[in-house]
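Below you'll find the structure, written out as C-alpha cells, and then a few comments.
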Amino acid sequence: MYDMLCPGCGHRTAMMLIDDIIKQKNIKEKTMLALDVACCSLLIDFVAYDSVMCAHGRVLDVTKGYKTMRKDNVVISYMGDGAAYSIGMEEMVHAARRNDDALVIVINNGLYSMTGGQITPTYIDTQNSNEYKGFLIENLLNGFEISYLARAALTDKENIDNAKKCLDKAFTKYMTTGGFNLVELLSPCPTNYRVTAQKAAEMINDSISKIYKIKEFVS
Ligand code: SF4
C-alpha cells in the first residue's frame, strides 16, 4: 500500500486513515483528492477515487473552484507544511478568513522532503531555538471564524487513533455544516531526519510535539 513512499513515512499512515474514513462514510464515488507536489504527488497512483495534482501551494485555489462547481462532492485539500504555510500561505489565510468550505490536511514534517530536506517554516531546532522557532497555525488562525482546527501525530497507536478521530470529525463537519476545517498531522520523515522509523516517531513524541501541541483548537 502506497509503496512509493519510504519506510516509516507519515504520508502512508495519513492516507490509510483517510481511505478508512472514505470507506466507512461510503463516499468514494463523490470524493476528489487534490494533492500538492513533492512527496504528496507519490500518492496519486494509489488512490481509488478521483484525484488531481496541483501546482505547488495552489491546492486551495483548485479545490475552491472544484467545490464551487460541485457542491455535493467531498473535496480533500492535501498538502505538506511547506505548501500550506509558505508557498501557499496566501491561499490558506484567505480561505480561512472567508471560512470557505474546505477540508484541509497538512502533513507537518518540518521539511521540503522530496528535494532533500530543506527547512520549512515549521522546522524547529532544539539546539538553536532562537533562530528556528517554528510556526504555529493555531496562533495565526486565532480569532478566525473557522469550523475545525486540530493537530494530531502519526507516531504510535494512541496518537494514530486520535488522528483518525480528528480526521473523522473534520470530514463530518465539512460534510454537514461546511466551513474551513484543517487537521495538521505531525508526520515522521525518517529519510530526511536520517534516523530509523522508530527514532523519527520518538523525535515527534519526545520533542516536536512539546512545541506543536496535540490538541483540538477549534471544535
Ligand atoms: S522523503 Fe520523507 S516525506 Fe518523502 S516519502 Fe520519504 S519519508 Fe515520506
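Computed quantities for the displayed model
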{"quantity": "For the range 107-219, the Rg and Dmax computed from alpha carbons only, in angstrom", "calculated": "14.6, 44"}
{"quantity": "Kirkwood Rh (inverse of mean 1/r, distinct Cα pairs), the chain, angstrom", "calculated": "17.1"}
{"quantity": "Over 22 Å (Cα to Cα) - which of K64/K164; K64/K213; K67/K169; K25/K215; K64/K157; K23/K210 fall in this group", "calculated": "K64/K164; K64/K213; K25/K215; K64/K157; K23/K210"}
{"quantity": "Calculated [θ] (222 nm, deg cm²/dmol) that DSSP helices of n ≥ 4 give over the chain, each run adding -39,500 (n - 2.57)", "calculated": "-9500 deg cm²/dmol"}
{"quantity": "Rg/Rg_globular for the range 78-151, with Rg_globular taken as 2.2 N^0.38 Å and Rg from C-alpha atoms", "calculated": "1.15"}
{"quantity": "Among beta bridges that DSSP assigns inside the chain, antiparallel share in %, nearest 5", "calculated": "20"}
{"quantity": "Sparse-neighbour loop sites [trypsin sites (Lys or Arg not before Pro); the range 122-209; at most 12 other C-beta within 10 Å; DSSP]", "calculated": "R194"}
{"quantity": "The chain - percent relative contact order, Cα under 8 Å, separation 6 or more", "calculated": "21"}
{"quantity": "For the range 20-76 and the range 80-98, distance of Cα centres in Å", "calculated": "17"}
{"quantity": "Likely footprinting exposure, M89, M69, fewest C-beta neighbours within 10 Å first", "calculated": "M69, M89"}
{"quantity": "Dipole magnitude of the chain about its Cα centre (Cβ charges: Lys, Arg +1; Asp, Glu -1), debye to nearest 20", "calculated": "360"}
{"quantity": "Cα-based equivalent ellipsoid of the range 60-103: semi-axis lengths in Å, sorted from largest, via gyration tensor", "calculated": "19, 11, 8"}
{"quantity": "Charge dipole (the range 118-219, unit charges on Cβ, about Cα centre) - positive-most of M175, A153, L136", "calculated": "M175"}
{"quantity": "Kirkwood hydrodynamic radius over Cα pairs of the range 23-140, then Stokes diffusion coefficient at 37 °C and 0.692 mPa s, in µm²/s", "calculated": "218"}
{"quantity": "Positive-pole candidate from Y123, L186, L103, dipole of the chain, charges at beta carbon", "calculated": "L103"}
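No value in this document is a laboratory result; all are computed from the given coordinates. What you see is a predicted model; the values in this text were computed from it and never measured. Here Cβ is always computed from backbone atoms with ideal geometry, including for glycine, and neighbour counts include all displayed protein chains.
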